[in-house]
Amino acid sequence: MITLKVYKTLIILTLIFISSFGLSVVNAPVSQEGFVINFSNNDDTIIDFKANGVTNGETIGIIVDPVLWAIGATVQNAINQYKKDLEDTGYVVLLHTAAIGTVQQIKTFLQNWYNVNGISGVALIGNLPYAQYYHPANPSFSAETFICDLYLMDMDGTWSDTSPVDGIYDGHSAGTGDIFPEIYVGRIDATTRTLGGLTNDANIIALLNRANFYRHAGISRTHQAITYIDDDWQ
C-alpha cells in the first residue's frame, strides 16, 4: 500500500502557463515526411507532421462522455479535430463515444484495447467515472481516500474492495501481473471549474482548440509552468 501512496504523490497535475498569450505567424518548411515548427522563443518545440499513412508505431484511445458527445457538432468537431491532429503526427487513434457505465467497465474496455490494439495511452474527455482508493494510516502516512487513476493504468494487477465493501478499493497486488502502469491516462474535463463562467463543454472546446492552434503554429509559449501539489511529502 505504501507503493500506492507514492504513486498518488507522484501523479500530479502540471499546467502549462502560457504568458503573453497571442497569435503569431510562423513560416514552416514542408517536406514529404512532415515539417518542423520553430518558435523564436522556443527553439526546441518540434511538431512532426507525418505524410498520409505514416505512423510512429503508437496507438492512442479517446473515450468521450456520451452526454458531452450528444451536445452536438461544436463538441464533435473539436474532438474530431483533436483526433486528426494526433493522426497527423503519426498516432493510430481509436475513438469511443458510446455509453460506458462504470469505472470498472471503462477498465475492461481499456484492457481490451490494450490486448487487441496495443494502446499506449488514453484520453478521457468529459465527466467520466473514476476509481477511489483508501490508504490506511501507518507510521509514514495518515489515512486517506483519494481518486486513483492508476486503477485505469494498471492492466494486469489485482485490485480489491474488501474492508469494508463500499465501492472504494483498499487493496492492490501484483496478482498474475504487476502493480505498475502499462498505459498512461489523461483526463480533459472541467466539470468542477467555476472560474471564467463557461460551461464544461465550452471549456473543453476551448482547450482542444488551443491545442490545435499550438500544433499548427497559432500559439507560441515560453518555458513556464505551474504545478499544483496536494501533498507536502512530510
Margin query: On the basis of being surrounded by 13 or more Cβ atoms within 10 Å (Cβ to Cβ), of a type outside the set (S, T, N, Q) and either under 29 Å from Ala202 (Cβ atoms) or out of contact with any strand residue (DSSP E or B) (no Cβ under 7 Å at 6 or more places or on another chain) (or both), does Phe146 make the cut?
Written below: yes
Item checked: Any pair with Cβ under 7 angstrom, 6 or more apart, that starts in segment 211-227 at a residue that is in contact (Cβ under 8 Å) with a residue 24 or more places away in the chain and ends at one that is of a type in the set (Asp, Glu) -> Asn212/Asp85; Arg215/Asp85
Check: Within segment 110-118, is there a residue that is buried (at least 16 other Cβ atoms within 10 Å of the Cβ), under 24 Å from Ile204 (Cβ atoms) and out of contact with any Ser or Thr (no Cβ under 9 Å at 6 or more places or on another chain)?
Finding: yes
Checklist line | Qualifying positions in segment 68-97 - surrounded by 15 or more Cβ atoms within 10 Å (Cβ to Cβ) and charged (D, E, K, R) | finding: Lys83, Asp85, Glu87, Asp88
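Would you mind listing the helices (runs of 4 or more DSSP H) fully within segment 1-106 where at least 3 residues are under 21 Å from Leu208 (Cα atoms) and at pLDDT 85 or above?
66-69, 73-88
Is it the case that some residue within segment 108-122 is modelled with pLDDT of 95 or more, in contact with a Pro (Cβ under 9 Å, 6 or more places away or on another chain) and closer than 30 Å to Asp170 by Cα?
Within segment 108-122 (the criterion being modelled with pLDDT of 95 or more, in contact with a Pro (Cβ under 9 Å, 6 or more places away or on another chain) and closer than 30 Å to Asp170 by Cα), the answer is no, since none of the residues qualifies.
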Notebook entry, point to check: Applying the selection to segment 182-201, what residues are without any contact (Cβ under 8 Å) to a residue 40 or more places away in the chain and either under 15 Å from the mean Cα position of the chain (by Cα) or loosely packed, with under 14 Cβ neighbours inside 10 Å (or both)?
Noted result: Ala190, Thr192, Arg193, Thr194, Leu195, Gly196, Gly197, Thr199
Notebook entry, point to check: Picking from Ala137, Ala217, Ala211, which residue would you name as being at pLDDT below 95 and under 30 Å from Ala98 (Cα atoms)?
Noted result: Ala211
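The values are calculated or read from the model by the stated rules, or taken from the named source; none is laboratory data. Source: prediction; values computed, not measured. Virtual Cβ from ideal backbone geometry, glycine too; neighbours counted across all protein chains shown.
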